[in-house]
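What follows is a set of notes on a single structure, which appears directly below.
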Number of protein chains: 2
Amino acid sequence: MARIVMKFGGTSMAGTERIRRVANIVRKQQARGHEVAVVVSAMAGETDRLVNFCREANPLYDPAEYDVVVASGEQVTSGLLALTLQSLGCQARSWLGWQMPVRTIEAHAKARIEDIEAEALIAAMAAGEIAVIPGFQGVSDAGRITTLGRGGSDTSAVAVAAAIRADRCDIYTDVDGVYTTDPRIVAKAHKLKAVTYEEMLELASVGAKVLQTRSVGLAMKEGVRVQVLSSFVGDDAIPADDIPGTLIVSEDEMNALVEKGDMERQHVTGIAHDKNEAKIILTRVPDRPGSVAHIFEPLAKASINVDMIIQNVGRDKGETDVTFTVPQSDLARAQALLEDRREDIGFNRLISDSKIAKISVVGVGMKSHAGVASTMFQSLADRGINIQAITTSEIKVSVLIDEDETELAVRVLHTAYGLDASDEVA
Amino acid sequence: MARIVMKFGGTSMAGTERIRRVANIVRKQQARGHEVAVVVSAMAGETDRLVNFCREANPLYDPAEYDVVVASGEQVTSGLLALTLQSLGCQARSWLGWQMPVRTIEAHAKARIEDIEAEALIAAMAAGEIAVIPGFQGVSDAGRITTLGRGGSDTSAVAVAAAIRADRCDIYTDVDGVYTTDPRIVAKAHKLKAVTYEEMLELASVGAKVLQTRSVGLAMKEGVRVQVLSSFVGDDAIPADDIPGTLIVSEDEMNALVEKGDMERQHVTGIAHDKNEAKIILTRVPDRPGSVAHIFEPLAKASINVDMIIQNVGRDKGETDVTFTVPQSDLARAQALLEDRREDIGFNRLISDSKIAKISVVGVGMKSHAGVASTMFQSLADRGINIQAITTSEIKVSVLIDEDETELAVRVLHTAYGLDASDEVA
């Protein structure tokens with residue numbers, strides 16, 4: 001017997017027919033003898049509808065009242081799932097954010113969970129009742145409804161799993177797991193049996209949007225074992241205990257899986273790509289203390305998220321070129337801010353390029369294995385792909401390339417690191 | 001300065017444009033220096049949508065989870081009205097049922113308000129904040145959401161008015177007040193300036209569905225002055241302090257209004273009709289103790305609401321005919337129950353007729369004025385309208401007639417009691 005949190009997104013909850021499918025999956029999981037809590041999103045489209053109401057009512061909306069309105073979407077689906085589970089003969093009840101309670105900080109519309117009181121929930125689950133919990137919502141110390149920001153239901157699920165000390169948090173999505181790379185680009189991409197939290201964070205931050213990044217960070221901090229799996233499976237193909245999706249676990253558990261022979265040790269776990277960044281080059285910036293701070297301080301103040309930063313050696317003494325990336329959606333704003341400060345910064349030209357892609361190879365294996373980066377550079381060079389910038393972390397190497405070469409680069413690297421599925425597997 | 005509760009129904013809250021109209025009315029009321037609390041219904045159609053979801057999820061739905069789902073409709077409109085009021089420069093916040101809290105009995109989907117903690121609300125209103133309260137919802141001692149049953153928002157408004165000791169509870173509806181009779185039948189019907197609680201209860205119970213009956217009973221018990229008025233007035237024609245709708249007040253206040261010359265004393269306040277009843281006659285029932293109990297006990301057990309009961313003197317000694325009315329929708333069930341007990345009751349024939357109408361004249365004035373009933377009988381007889389049964393209460397005389405004669409009877413009585421509007425008024 002295990003204690004399991006199951007989380008279903010808005011597509012799975014869109015309408016009473018789909019909720020019935022979800023209820024069947026939940027019921028079968030409980031029938032295996034597990035204690036089950038379910039965290040649900042609002043019906044697909046419902047949160048958008050409610051957000052639009054708020055915008056129409058008041059473009060500068062008070063986030064406290066916005067939370068009252070938008071939290072209703074998950075309230076509805078949690079009640080409906082409890083009703084549907086009851087119609088299948090299960091005991092079930094909904095636990096709203098203020099009822100458990102799920103205590104959050106005061107920051108409405110972008111709250112952070114501080115604490116979940118789970119004793120009553122644990123007791124009800126032990127008595128055979130399925131707990132149905134609306135994701136995304138909590139309650140402030142002032143007793144008002146808070147929400148966690150868009151996509152917060154993954155975080156709710158992980159937080160509930162931590163609070164009830166669940167054996168696993170299963171996140172049902174519209175993909176059936178985490179892949180070595182985007183299967184739409186590489187036909188031979190294969191589903192990973194497991195990745196570490198760190199790998200998942202790196203993969204998520206570079207475009208593999210399977211899970212909300214914040215939920216992975218929380219799972220890592222709380223040591224919650226997460227599984228990503230598909231809710232679009234036939235009724236008979238519901239998750240067996242042998243983990244049909246991808247487990248997201250600690251490095252220790254990953255090592256144990258490898259030692260048991262359940263996993264092969266890879267140097268690189270996956271290849272990610274991200275086309276949503278834009279590159280800015282400032283040329284001939286004075287090479288003196290403080291000049292780089294002049295560049296990034298205004299961007300930080302404007303909440304523009306700078307990702308890669310490369311300071312090239314300048315051709316002329318005392319000067320340097322600075323290259324960095326920002327989200328494409330912030331490019332125009334960043335350019336305007338920098339032009340305003342041209343004199344303070346002292347750059348010569350501002351060159352921007354939004355036709356770039358960031359390609360990353362990610363893997364905890366590279367911590368203990370040299371040569372991962374050079375394999376990347378050599379493989380790309382062999383195919384004539386020019387690298388515009390490079391950054392590295394302990395478990396990731398990222399390069400900027402021309403956007404048009406994205407698919408080619410991903411395919412080349414997928415093969416180079418031995419990730420292509422064998423014919424038997426594919 | 002007064003403290004006023006304003007209640008708006010689903011038609012007034014249907015969409016952000018209409019909510020903006022409501023917000024303007026509320027803002028102008030506050031601008032007069034009043035402290036204002038607003039009680040709102042869900043958007044028109046929304047409660048039906050949510051109830052249908054519940055039925056689809058589970059035809060035998062758990063009323064506790066049903067309440068979680070359906071209470072969300074008023075949660076949304078209360079948040080949206082608060083946001084809209086803020087956009088007009090008002091201070092406003094929503095107070096959900098569990099936040100004030102509005103404590104109810106445990107009976108989900110048909111709860112009754114036991115107590116409202118209003119101290120925080122009163123303090124916020126005194127500080128200039130408009131309180132926006134979702135109608136229809138409360139919270140049980142177990143900390144779960146309850147709802148008051150369909151149409152419960154009128155009751156919520158009156159209960160809030162009692163709790164905050166409001167000077168008046170204004171109920172905005174799609175009619176502009178209470179009329180002497182149905183204006184669709186009598187063109188010369190006119191709006192009443194005031195009626196007593198008792199009159200309103202009698203008028204409501206015989207078909208004048210302006211207010212939910214339960215809310216009038218609560219207003220009477222708590223001494224809450226209620227005003228019925230229209231929300232479909234131009235922005236400039238919003239309620240002035242001189243009461244544009246119909247006041248519903250105690251008999252004492254009514255007497256004071258008459259003495260001040262604000263109202264004329266009438267013997268009859270209004271004429272109501274109800275076509276939703278059906279008549280059952282049981283002939284030759286043994287005239288012995290207990291025989292009538294045999295008739296009505298099974299109907300009561302089946303929750304069939306018996307209204308008029310008339311025991312006619314039988315033609316034969318030791319036998320009597322019993323006539324009574326039930327809602328048309330319960331007629332078939334009532335007939336089946338009575339046929340099942342034919343031997344116990346000992347009746348000869350069961351005659352039913354659903355083509356009947358109940359016509360009632362209502363007025364506190366008749367307490368102190370003889371002849372109201374005989375005027376009714378004579379006026380109807382003069383026009384050849386046959387009276388099938390009669391019941392009376394302290395402030396009401398009701399007769400059963402043929403349904404086809406409803407409109408004629410109402411017009412005749414409206415004239416007979418001097419209720420036709422004069423040309424100047426009309």
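Computing the accessible area with a 1.4 Å probe over protein heavy atoms, can you report the carbon and sulfur percentage for the protein assembly as shown?
47
Here the protein assembly as shown carries DSSP beta bridges of which approximately 60% are antiparallel, counting only pairs with both residues inside. Close amide H contacts of A:I130 (hydrogens built in the peptide plane, cut-off under 5 Å, sequence separation of 5 or more or a different chain): A:Q91, A:A92, A:R93. Charge dipole (Cα centre; +1 on Lys/Arg Cβ, -1 on Asp/Glu Cβ; no other charges) of the protein assembly as shown amounts to roughly 160 debye. Span-like helix check, chain A: qualifying full DSSP H segments, with Cα axial length of 18 Å or more and mean Kyte-Doolittle of -1.0 or more, are A:16-31, A:72-87. Taking amide hydrogens as placed 1.01 Å from N in the peptide plane, the amide H of B:V178 sits under 5 Å from those of B:L192, B:T246, each at least 5 positions away in sequence or on another chain. This model, with +1 at the C-beta of Lys and Arg and -1 at the C-beta of Asp and Glu, gives the range B:105-168 a dipole about its Cα centre of some 300 debye. Think of the axis that spins chain B onto A; the B residue whose C-beta lies nearest it, and the distance in whole Å, is B:S72, 2. Post the alpha-carbon centroid distance, the range B:1-38 to the range A:365-417, in whole angstrom. Rounded to whole Å, the Cα centres lie 63 Å apart. For B:L50, the solvent-accessible surface with a 1.4 Å probe is about 0 Å², rounded to the nearest 10.
Only Cα pairs under 8 Å and 6+ residues apart enter the sum, and on that basis the relative contact order of the range A:1-142 stands at 27 percent.
If you sort the three axes of the alpha carbon gyration tensor as a ≥ b ≥ c, you get a/c of 1.5 or more for chain B and a/b no higher than b/c, which makes it oblate.
Chain A and chain B together bury an accessible surface of about 3100 square angstrom, both sides counted, with a 1.4 Å probe and no ligands or nucleic acids included. Excluding same-chain neighbours fewer than eight residues apart, the aspartates and glutamates reachable from A:K260 by a Cα-Cα span under 13 Å are A:D252. Here's how it looks for A:A107: its modeled amide H is under 5 Å from those of A:R112, which are all 5 or more places away or on a different chain.
Between the alpha-carbon centers of the range B:98-141 and the range B:162-190, tell me the distance in whole angstrom. Here the two parts' Cα centres lie 25 Å apart. Springs join every pair of Cα atoms under 10 Å in this Gaussian network model of chain B, and among B:T77, B:T391, B:T104 the largest mean-square fluctuation is at B:T391. Extending 7 Å from the Cα toward the beta-carbon at both A:R150 and B:S250 defines two label points whose distance is 5.7 nm. Listed by chain and number, the aspartates and glutamates whose C-alpha is less than 16 Å from the C-alpha of A:K7, apart from same-chain residues fewer than 8 away, are A:E35, A:E74, A:D154, A:D167, A:D170, A:D174, A:D176.
Using a/c under 1.5 as the rounded threshold, could you call the range A:29-103 rounded, prolate or oblate? The axes a ≥ b ≥ c are square roots of the C-alpha gyration tensor eigenvalues, and prolate needs a/b larger than b/c, oblate otherwise.
The shape class here is prolate.
Solvent-accessible area per residue in chain A equals 41 Å², computed with a 1.4 angstrom probe and all protein chains kept. Look at the Cα gyration tensor of the protein assembly as shown: its axes a ≥ b ≥ c give a/c of at least 1.5 with a/b over b/c, and that counts as prolate. For the range B:164-181, the Karplus equation 6.51 cos²θ - 1.76 cosθ + 1.60, evaluated at θ = phi - 60°, returns couplings of 9, 6, 6, 6, 6, 10, 8, 9, 7, 10, 8, 10, 9, x, 9, 9, 4, 6 Hz by residue, with Gly and Pro reported as x.
Each copy carries a label point for A:K110 at 7 Å from Cα along the beta-carbon vector; from one copy to the others these points are 4.9 nm apart, nearest first.
Highest GNM mean-square fluctuation among A:Q378, A:Q212, A:Q30, for chain A modelled with Cα contacts below 10 Å: A:Q378. Here the Karplus curve 6.51 cos²θ - 1.76 cosθ + 1.60, taken at θ = phi - 60°, turns the phi angles of the range A:129-141 into couplings of 8, 7, 8, 10, 10, x, x, 6, 10, x, 9, 8, 4 Hz, with x standing for Gly and Pro. The charge dipole of the range A:3-261, taken about its Cα centre with unit charges on the Cβ of Lys, Arg, Asp and Glu (plus for the first two, minus for the last two), comes to roughly 520 debye. Calculated mean residue ellipticity, 222 nm, the protein assembly as shown: -10500 deg cm²/dmol, from DSSP H runs (n ≥ 4) at -39500 (n - 2.57) each, averaged per residue and rounded to 500. Antiparallel beta bridges, as assigned by DSSP with both residues in chain B, represent about 60 percent of the total such bridges.
In chain B, Cα pairs under 8 Å separated by at least six residues give a relative contact order of 13 percent. Among B:N312, B:N386, B:N24, the largest mean-square fluctuation in a Gaussian network model of chain B (Cα springs under 10 Å) belongs to B:N312.
Please give the length that would be gained between B:D174 and B:N348 if that part of the chain were fully extended, namely 0.36 nm times their separation in residues minus their C-alpha to C-alpha distance (nm, one decimal).
Extending this stretch completely gives an extra 57.8 nm.
Across the options B:Y66, B:H108, B:G45, the greatest Cα extent toward the positive end of the charge dipole of the range B:17-141 (unit charges at beta carbon of Lys, Arg, Asp, Glu) belongs to B:G45. Which of the pairs B:K188/B:K396; B:K275/B:K367; A:K191/A:K358; A:K110/B:K28 have their Cα atoms more than 28 Å apart in this structure? Checking Cα-Cα distances, A:K110/B:K28 exceed 28 Å.
GluC sites (Glu not before Pro), restricted to the range B:83-161: which are DSSP loop and have at most 15 other Cβ atoms within 10 Å?
For GluC sites (Glu not before Pro) across the range B:83-161 that sit outside H, G, I, E and B with at most 15 neighbouring Cβ atoms in 10 Å, the list reads B:E106, B:E117.
With the label put 7 angstrom out from Cα along the Cα-to-Cβ vector, B:S352 ends up 7.8 nm from the copy partners, going from closest to farthest.
Comparing each chain alone with all protein chains together (probe 1.4 Å, DNA, RNA and ligands left out), the residues of the range A:68-89 losing at least 30 Å² of accessible area are A:V68, A:V69, A:S72, A:Q75, A:V76, A:L80, A:L83, A:Q86.
The values are calculated or read from the model by the stated rules, or taken from the named source; none is laboratory data. In this text, all values refer to a predicted model and were calculated from it rather than measured experimentally. For neighbour counting, all protein chains shown are included, and Cβ atoms are generated from backbone atoms with ideal geometry for every residue, glycine included. Accessible surface areas use protein heavy atoms only, side chains included; no ligands, DNA or RNA. Shrake-Rupley method; radii C 1.70, N 1.55, O 1.52, S 1.80 Å.
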